[in-house]
1. Among residues other than residue 380 whose Cβ falls under 12 Å from its Cβ, what is the net charge (Lys/Arg +1, Asp/Glu -1)?
2. Rounded to the nearest 500, what is the 222 nm mean residue ellipticity of the chain from helices alone, with -39500 (n - 2.57) per DSSP H run of 4+ residues and division by all residues?
3. From the backbone phi of the range 404-412, what are the Karplus-calculated ³J(HN,Hα) couplings (6.51 cos²θ - 1.76 cosθ + 1.60, θ = phi - 60°) in whole Hz, Gly and Pro given as x?
4. When the Cα centres of the range 365-404 and the range 111-150 are compared, how far apart do they sit, in Å?
5. Can you work out ³J(HN,Hα) from phi for every residue in the range 275-284, in order, using Karplus 6.51 cos²θ - 1.76 cosθ + 1.60 and θ = phi - 60°, giving whole Hz and x for Gly and Pro?
6. Whenever you get a sec, compute what percent of the accessible area on the range 6-280 sits on carbon and sulfur atoms (1.4 Å probe).
7. How big is the gap, in Å, between the Cα center of the range 210-258 and the Cα center of the range 86-105?
8. With a sphere of radius 14 Å drawn around the Cβ of residue 43, what net charge do the other residues whose Cβ falls strictly inside it have (Lys, Arg +1; Asp, Glu -1)?
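The values are calculated or read from the model by the stated rules, or taken from the named source; none is laboratory data. All values derive from a computational prediction rather than experimental measurement. Ideal geometry is used to build each Cβ from the backbone, glycine not excepted, and the neighbour counts take in all protein chains shown. All accessible areas refer to the heavy atoms of the entire protein, side chains included, with ligands and DNA or RNA removed. Shrake-Rupley method; radii C 1.70, N 1.55, O 1.52, S 1.80 Å.
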Amino acid sequence: LPPRHMDSVVQIVEALESTDHGFTGTVPELARALGGCSTPGCRAVLGEPPDVPPTPPTLSHEQWLLLTQLLHHDAAAPERGAVLAPDGSTVALGPLLAGIEVGLKRAAGWPIPTVEPPIDALYAVTITEALGTSFLLARDGDGNRTTLGPGGCWDDVDDPQNYTLLGPPSPIPDAIANGAMDGVLLGAQLAKAPTPLADLLQGYYGTGNGTEKGRPPSSYRRRDFGVLTGLEKLEEEVAAMLRVLRVLPPTQELLEDVGSEEVMAIARQAARDFMEVYVDCPAIVPRCMWGARPYRGTPKPLTLPLGSVYIHHTFIPSVPCRTFTACTRDMRAMQRFHQDVRGWDDIGYSFVVGSDGYLYQGRGWHWVGAHTKGYNSKGYGVGYIGDFSATLPDPDTIALVRDGLLPCAVRTGRLHHNYTLRGHRQMGRTDCPGNSLFHEIETWHGFK
């Protein structure tokens with residue numbers, strides 16, 4: 001089959017949009033026919049799905065097979081509906097195309113569906129049904145039921161075919177969260193200005209541009225979703241969706257003993273946790289996604305929370321990486337250098353900062369690194385890719401650590417709230433993290 005990559009999806013959409021021969025309706029309607037919006041809430045908003053049409057003549061047998069696999073809803077294996085985007089994120093097609101359908105319908109003057117109580121259709125078909133259901137199912141469990149996540153990894157980022165989750169699945173693994181946020185953002189955009197779908201997807205994900213042209217808009221999804229949505233709006237829509245599910249026959253039973261106060265409590269928790277994990281905290285690319293070699297030997301665990309953070313620049317590579325392809329290449333090069341030349345067990349940093357909008361997991365939250373000699377067990381080492389002696393990282397790359405990673409580490413109990421932040425040069429004989437970056441971090445919270 002074609003790779004499970006957004007490029008393949010765009011090619012399919014282009015073929016479907018290019019002609020009228022034997023294909024009527026829109027691509028999102030076809031997605032619903034194939035099972036992309038099969039939940040009770042989604043059906044209540046968008047109606048019963050159309051019948052599955054015969055294979056459109058503009059698609060090859062392999063393309064049609066891939067599309068039907070990606071849109072066949074399997075609650076037990078939500079990861080099967082996901083594709084890899086050029087920015088290195090993984091996106092579920094179901095919520096993405098459902099949000100796009102609502103946007104197209106709104107642009108065409110679609111009457112708002114008469115669902116009681118009234119709900120925002122754009123959020124209902126993308127995120128609030130899955131979010132409300134996830135937290136509803138977890139409320140009377142033993143506390144071990146996962147409500148959000150996990151992420152996962154592809155078998156081969158150049159030819160992605162299989163995506164494996166990194167833990168037990170919740171109703172909202174990362175791919176569903178990404179697809180839902182993108183569905184909201186693109187649906188809202190289409191409602192204002194209808195665009196051919198292939199052009200919309202190509203522009204947003206940066207597909208077909210060789211992935212070497214810098215950051216696509218999809219790498220800003222967390223920021224943009226947070227700006228558009230806000231905590232109160234999300235909470236309100238989850239609560240409204242739960243009230244709708246209470247009257248729909250397939251989900252009535254789930255909610256028959258849930259009072260209105262408890263509905264509000266579930267909605268509040270769901271919205272708060274979702275915003276914490278997917279908006280306020282930055283995305284971290286796991287090791288398996290950048291092609292890390294195994295750790296050599298036995299890693300030593302850190303005792304959390306830690307009290308310090310040490311800021312570095314890599315110096316070499318000296319040029320900031322602005323794409324997933326470039327950043328993963330730099331990660332592998334640094335790991336090779338640290339293991340083969342320095343003789344360390346692994347890449348030294350706890351986390352590495354790309355200029356593509358993403359953090360990359362080095363040793364991560366739980367294992368002692370090799371970044372700041374004499375202090376490795378006391379703090380996290382965070383390295384910016386590039387030489388920042390005379391220039392600064394981009395403003396949003398600075399903010400990724402200052403306003404994203406550090407407050408998130410405090411809130412999640414990995415870093416003391418009164419942590420100390422220092423540049424590498426304060427702890428040893430080195431110019432790291434470069435004069436420009438050092439003067440920048442002197443203004444950050446916690447700098448000593």
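1. Cβ neighbours under 12 Å give a net charge of +4.
2. Taken over the chain, the calculation gives -11000 deg cm²/dmol.
3. Result, rounded to whole Hz: x, 4, 5, x, 5, 4, 5, 4, 8.
4. If you average the Cα positions of each part, the centres end up 36 Å apart.
5. Whole-Hz 3J(HN,Hα) from phi for the range 275-284: 5, 4, 6, 10, 10, 6, 9, x, 6, 10.
6. 51
7. 13
8. It works out to a net charge of -3.
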